[in-house]
Structure formats: structure tokens, C-alpha cells
Amino acid sequence: MGILIFSNAFSQKGIFKYGTLSPEHYKENLTFEYIKDLIFINVEINKKTYRFLVDTGAPTIISSKVKGDFKIVQQDEITDASKNTQSVNYVLIPQMNLGALTYRNFSAMRSDMELLQELNIDGILGANLIRKSIWDFDIVHHKIMISDYLNTETVKGFDFAKIKTLETGTPALTLVYFNSIKEHGIYFDTGYNGLFYLTDSIFEKVSKKKLLKKKIEGAGQVSKSAFGTEVGTTYMLPLEMKLGKHPIPTFLSDVNKDEESNLGCEWLQYYHTIISKDKFYFKSNGKKINSQFITNGINTGRDSKGLYISFLWKNSAADKKGLRLNDRILSVDQQAPDLRNPEAVKELEDKIKENKKVLLEINTKGNFIELKSEILLDTL
């Protein structure tokens, strides 16, 4: 279950091609933060510094925190995979600086999405600007370099796959599953903080062909997107996949009710990746993709009343102990959530998710249930 900033939200818009980048020739090493499989950078607009997310799956976005007299160039409605719609304005940004680089006269969506607030960011550096450069993601060495030219020596020893660039600038790939099912148009989306999710329609094809040896099922809040939280049933399964001519080691994939599958930012933990116009270069950095799904069986959410169980894996220890969706969590290791302190509440949520053992007080005072992490699924 992860954060997905946008998915299938945009129609075809020529405004995404607006803008220029200077100087003409450049090689810029970016200063950035890599936090929980998302990339954050600082940009400057009107002599003020703002914190942006790097997102290859969305166009550039600014919130109301970004101050300036920005001309509206288009008004539209965007629609997510769940058919939720939202009216938005697209504005023209005269200038934005990223390190020594300057972007001029480009379009950006003006929005105060809930996720912008949750991630504590002022906007998104999106695919319409990312497409203007070659991006070299070497996360294991904490390096991101963008340039105007790719030397063939740089990608020596890399595998590659062809890219189709969408109107928004998002790079789209073709993948083959279990050597028999091909899917086109998969986003490479650094705004998704997971490794990969399989679209529901492909999951059905895989299931009908009886290609799955095992899977697990869960229900509740399955993802967060531009429009809020999606609720439903999902699955996790060991997935065999080929990118270009290169087979990816079997890994664990979620399932999502989207229109196409999605390769997320966690990919960069395992592969040095370079995006260059019509090519997606990748090379293993030697880190093994996690082959086990270890969980205590639940995810949590928060509202004005406190913490609650927002997601439950079927046949997990939590499920067998009788925990159910929307059960209230009164305390975590005998510490009650203090709603006046959001950071303290987040620490309790992290404790539930990350600790090998946790004691929860559920629904009524004195009703304590201990959860322990377990291997719920592996690729073997």
C-alpha cells in the first residue's frame, strides 16, 4: 500500500510542452533528499525557496504556498482511476531555478491536494520538465545528475528498454509477465513510493492462465492518490517480469484497480537508472530485491477521533485474532495517541508498522491484543 500522486489523471494537452531550459549545455548534480522511496529537492521561484517532489508520473504542480502573479493558461477537469473528478487551473510560471539551471515559461497545475500537505511539500517537479533533460538516478551512491547529453560510455554495461513518452512527459514502458503476457504503457512513476503494482485487468489474465503459484488477499484503504484514499480489495503475489530483454528477479507486487501497471520509485534502490529520450537504461547495483513480505497484518489511518485499522491482510495473525477494519486503536504499547501532536501520532503509526512486536488496545479500555511480525508471503 503506497502513495500514488497521480494516475491516469490527464487528457492530451499541448501546454505540457511549454517552456525552455538554460544554459544550453549543462551537467548538474542535484542536492536532494531520498525519504521513504520518494525524492525531494529545493527549487527557487520569485527568490523564494520551496520544497518539491520529483515525480515522473505527473506534470509540474504548485500549491498556493508558491507566491507569484501566475497567468491562467487553461482550466480543466482531471479524472483518476476511480472516476473521481476535480477542477483545476493550469498557470504559466515565468521562471524557476533548480541549482544552476533555469526553467522559463512552463505550465504548472495549481492545486492544494491533501497529499501535498501530508508530504510537507510546496509542489511537484513533474514529467513535463523532467523530459527536457537526461536524468541519471544513482540512488545507492546518493547521486542524481541531469544533463543535456548522454555519452555512450556512460551506459556501457547497462540494459535498456524503449520508452514511449506520454503527452505529460511521463516515460511509459512495455513489460512481459511470466513470459506470456505483454503490457504496454506502464508508467515509470517516481511519485509512487512502492516498487511495482500490477493492474487489476492483467492480474485477472494472469489468474485465468493459472500462472500464480500463490497470492495473499487484503482489504481496506489500498492507496492514496491525488483525490484521496481508494478503498477496496487488493492482492500481493510473486511476479515474474521482463523489461526489454532483461528478466527481473522474481519480486512481490501489489495489485491496483488502475488502467495500467506502475513501476515506482523503490525501483531506484535496486537499479541505477538513466532516462534518455526514447531509452530507459538500467543496471543492477547489487542490492537484492526483497523476496519476503513481513507484516503484522494491518495498516493504520488517523482521523479526528484518533487511530484506526485502515487495512487488514486476510489470514494474517491480526485477522486470526479477530481484528477488523475500522477498529479503533486506543493505545500503542500503552501510549495513547495525542491528537494535539501530529508528529507524536505519526511516531505511534510508525511503531505499529515497523516494530517486530506491538501491544494494541482495541475499541474498549483494557482490550489488549499483541501483534507480531510474520512472513505472510515470499517468492520461493
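At full extension, Glu153 and Lys372 could sit 73.9 nm farther apart than now, given 0.36 nm per residue minus the alpha carbon distance. Extension gain, Lys321 to Asp138: 0.36 nm times the residue separation minus the Cα-Cα distance gives 61.6 nm.
According to the square roots a ≥ b ≥ c of the eigenvalues of the Cα gyration tensor, what is the shape class of segment 267-366, taking rounded for a/c under 1.5, prolate for a/b larger than b/c otherwise, and oblate for the remainder? Provide the component values of the computation, followed by the final result.
On the way: a/c = 2.91, a/b = 2.09, b/c = 1.39.
In terms of gyration-tensor shape, prolate.
So if I place +1 on the C-beta of Lys and Arg and -1 on the C-beta of Asp and Glu, and nothing else carries charge, what would the dipole magnitude of segment 202-270 be about its Cα centre? I want it in debye, nearest 20.
Working: 11 positive and 9 negative charges, 98 e Å.
In total the dipole reaches around 460 debye.
Taking the Cβ-Cβ separation of Lys205 and Asp69 as r and a Förster radius of 51 Å, what is the calculated FRET efficiency to the nearest 0.05? Please report the intermediate quantities before stating the final value.
Values: r = 51 Å, r/R0 = 0.99.
After rounding, the FRET efficiency stands at 0.50.
Stokes-Einstein at 25 °C, 0.890 mPa s, Kirkwood radius from Cα pairs: D for segment 143-263 in µm² s⁻¹?
Numbers: Rh = 16.0 Å.
Translational diffusion coefficient: 154 µm²/s.
Under 5 Å from the amide H of Ile163 lie the amide H atoms of Lys279, Phe280, each residue being 5 or more positions distant or on a separate chain, with H modelled from the backbone and absent for Pro and chain starts. Counting only Cβ charges, +1 for Lys and Arg and -1 for Asp and Glu, the dipole size of the chain around its Cα centre is about 640 debye.
Keeping all protein chains in place, calculate the accessible area per residue for the chain (probe 1.4 angstrom), answer in Å². Each step should come with its number before you reach the end.
Details: 18140 Å² over 380 residues.
Each residue of the chain exposes 48 Å² on average to a 1.4 Å probe.
Each Lys and Arg Cβ is given +1 and each Asp and Glu Cβ -1; about its Cα centre, segment 103-144 then shows a dipole of about 360 debye. Treat each spin label as a single point 7 Å out from the Cα along the C-beta direction, and report the Lys353 to Asn29 distance in nm. A separation of 3.1 nm, rounded to one decimal place. Each label was represented as a point 7 Å from its Cα along the Cα-to-Cβ direction; for Lys48 and Thr233 these points are 4.8 nm apart.
For the chain, how big is Rg over Rh, using alpha carbon atoms and the Kirkwood form of Rh? Provide the component values of the computation, followed by the final result.
Working: Rg = 21.4 Å, Rh = 22.0 Å.
Ratio of gyration radius to Kirkwood radius for the chain: 0.97.
Between the residues Gly264, Leu21, Phe40, the greatest Cα displacement towards the positive end of the dipole of the chain, with unit charges on the Cβ of Lys, Arg, Asp and Glu, is found for Gly264.
The values are calculated or read from the model by the stated rules, or taken from the named source; none is laboratory data. Remember, predicted model here, so these are calculated numbers, not experimental data. Methodologically, a virtual Cβ is constructed for each residue, glycine included, from the backbone with ideal geometry; neighbour enumeration extends over all protein chains shown. The area values use the complete protein model at the heavy-atom level, side chains included, leaving out ligands, DNA and RNA. Shrake-Rupley method; radii C 1.70, N 1.55, O 1.52, S 1.80 Å.
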